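Below is one structure, written out as structure tokens, with a few remarks after it.
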Amino acid sequence: MTVESDVECKFSGNATIQGQFPFIKAVETTNVGVTNLGRGPLVLIISGPAGAGKTTLSHNLVALAPERFARAVTTTTRQPRAAEKDGYDYYFVSRKRFVELLERDAFYEHAQVHGEQFYGLTKGEVERHFSSGRDVLLCMDVQGAAQLHRMAREDSGHFLRGRVVTIFLLPPNFDELRERVRQREPMPDEELERRMASMTEEMRNSAFYDYLIPPGTAEEALHNFLHIYHAEKMRGGWNCGRKEETSA
């Protein structure tokens, strides 16, 4: 077995992480799976208000360990922003196409965000990454996260049973968050305030997540996420994704 001797990750801000997470280093270079950790692939849902750093975190994780992490790309009816690429940032589709996918039961979850555009995660997007043995990173709003988490916990025969972990990125403060949103996408003040009200509701729902990551730099978010990941991969009391009852 060939084992990587070191790991170095360079990401936004030119920060470097090297050799601090040995469980990331212990990867068979001939196998992208995670069987050396015992627990199978996970769906790691990352939520948080717009501008909280969800996309940055997911990109940094893939840059750190592409043999471990894969970004799931969600499907949306909204128009792409500048520099966004179809199939990389999102799958951009028409409302008609989205409805067709719904009728075919192609989604694990779907939601209408901010009362406007539709977003959804297709079953095929998750399953193709699971087949390679990688953990799936999914940036998702609180509605979709709740749907997927509930599905994975309540359905004893579900494909994702015991494999969904929810993580919420907390923003620094609402004034800074408002400015980030304004810079990302210019909009009328009325629309901005409506978005901020929606984000306030998202923050209330953060209490239902498995983990919260406090405000900080991109590097700090990455460190906190990796500690969560380590704990989840080492979690006991599971078997093939299902919680098992034992008797003395």
>> Here is a check on your reading of the model: is HIS129 farther than 24 Å from ASN205 by Cβ and surrounded by 16 or more Cβ atoms within 10 Å (Cβ to Cβ)?
In response: yes
> Looking at the stretch 45-156, what strands (runs of 3 or more DSSP E) fall wholly within it and have at least 2 residues that are farther than 22 Å from ARG184 by Cα and under 11 Å from the mean Cα position of the chain (by Cα)?
Replying inline: 69-71, 135-139
> Of the residues that sit in the stretch 146-202 and are of a type in the set (Gly, Ala, Ser) and surrounded by 16 or more Cβ atoms within 10 Å (Cβ to Cβ), which one is farthest from GLU116 (Cα to Cα)?
Replying inline: GLY162
>> Here's a check for you: in the stretch 216-231, which residue that is outside any loop (DSSP other than H, G, I, E, B) and touching a helix residue (DSSP H, G or I) at 6+ places or on another chain (Cβ under 9 Å) is surrounded by the fewest Cβ atoms within 10 Å (Cβ to Cβ)?
In response: HIS230
> Given (1) of a type outside the set (Phe, Trp, Tyr); (2) closer than 26 Å to ARG204 by Cα; (3) modelled with pLDDT under 85; (4) surrounded by fewer than 17 Cβ atoms within 10 Å (Cβ to Cβ), where does ALA52 come up short, assuming only one miss?
Replying inline: (4)
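The values are calculated or read from the model by the stated rules, or taken from the named source; none is laboratory data. Treat the numbers as computed from the prediction; the structure is a model and nothing was measured. Cβ sites come from the backbone with ideal geometry, for glycine too, and all protein chains shown count toward neighbours.
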